[in-house]
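> Dumping the structure here so I can ask a few things about it.
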Amino acid sequence: MTNASSETTHPDHTFVLQKVQPALLGLMDGSVSTLAPLFAAAELTNQSHAAFFVGLAASIGAGISMGLAEALSDDGTVTGRGTPLARGLITGAATTLGGMLHTLPFLITTLSLALQIAYLVVFVELLFIAFIRYKYMRSSLASTVVQVIIGGGIVFMIGLWLGKLGGG
C-alpha cells in the first residue's frame, strides 16, 4: 500500500507532472484550437497557401500564448509542477507542434489533396493524444478516444461551417 506522500515524490509522478502534463496540455490545445481557423480559411479562400499562413499564425500565436500562460500560472514550489520556464517552453513548443502538424499539408498547392491529408493528420493527432492520456494519465482508452475525438470534431466542424458561411 502506498501513501500520498510517496506517490508525490515517485520519479514517474514527477516526470508526468513536470513534463508529460505540460506537453499533453500543449498538444491538445494546439491540435484543437487551430482547427477552426485553419479549416475556415481553407473553405473561405479555397487556397492552400492562405490556409497555410492562417494555420502558421494560429499555431505560433497559440504556442506563445499557452507557453506564457503555463509559465506564469505558478512558480512550482507549492504544486511541485517544476520550473515555470521549463513548463512554459514545453507547453509552448507542444502547442505550436500540435497546430503545425495539420497545417503542413497546406504547403501542397492542390487544396483538395491538402485537405484530405490534413483530415488524416488530425485524426492521427487526436488518437496520439488519446494514447498519451491513456498511457500517462491512466485514463480509459475508450473514453479518452471518445472525448478527444468528439472535442476535436466539434471544433473541426465549426471551422468548416464558418468557412462555408463566410464564403456564401
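No lab work stands behind these numbers, since they all come straight from the coordinates. Being a predicted model, the structure only gives us computed values, none of them experimental. Cβ atoms come from the backbone with ideal geometry, glycine included; neighbour counts cover every protein chain shown.
> Putting +1 on Lys and Arg Cβ atoms and -1 on Asp and Glu Cβ atoms, find which of ALA130, THR95, SER31 reaches farthest to the positive end of the dipole of the stretch 4-167.
The residue sitting most towards the positive pole is ALA130.
> In square nanometres, what is the average projected area of the Cα convex hull of the stretch 4-167?
Numbers: hull surface 38.5 nm².
Quarter of the Cα hull surface area: 9.6 nm².
> Do the sum for the chain: with -39,500 (n - 2.57) for every DSSP H run of n ≥ 4, divided by all residues, what is the mean residue ellipticity at 222 nm, to the nearest 500 deg cm²/dmol?
Numbers: 8 runs with 132 residues, N = 168.
Counting only the DSSP helices, I get -26000 deg cm²/dmol.
> Provide the FRET efficiency to the nearest 0.05 for the ALA86-PHE53 pair, computing r from the beta carbons and using R0 = 30 Å.
0.50
> Now for a different question. Could you tell me how many degrees, from 0 to 90 and to the nearest 10, lie between the Cα long axis of helix 141-167 and the main elongation axis, the longest principal axis, of the Cα atoms of the chain?
Roughly 30 degrees, rounded to the nearest 10.
> Continuing with the same structure: Rounded to the nearest 0.05, what FRET efficiency do LEU160 and PHE131 give with R0 = 25 Å and r taken as the Cβ-Cβ distance? Could you check? List each step's numbers first, then the result.
Numbers: r = 26 Å, r/R0 = 1.03.
Computed FRET efficiency for LEU160 and PHE131 comes out at 0.45.
> In nm, give the distance between the simple-model label positions of ILE150 and GLN116, each being 7 Å from the Cα along the Cα-to-Cβ direction.
Simple spin-label model gives 3.1 nm for this pair.
> So if R0 is 30 Å, what FRET efficiency would VAL124 and ASP74 give, r being the distance between their Cβ atoms, rounded to the nearest 0.05?
Values: r = 33 Å, r/R0 = 1.09.
Working from the Cβ atoms, E equals 0.35.
> Once fully extended, how much extra length lies between ASP12 and ARG138, figured as 0.36 nm per residue of separation less the alpha-carbon to alpha-carbon distance? Kindly include the intermediate steps, with their values, before the conclusion.
Details: separation 126, 0.36 × 126 = 45.36 nm, distance 1.24 nm.
Going from the current span to full extension adds 44.1 nm.
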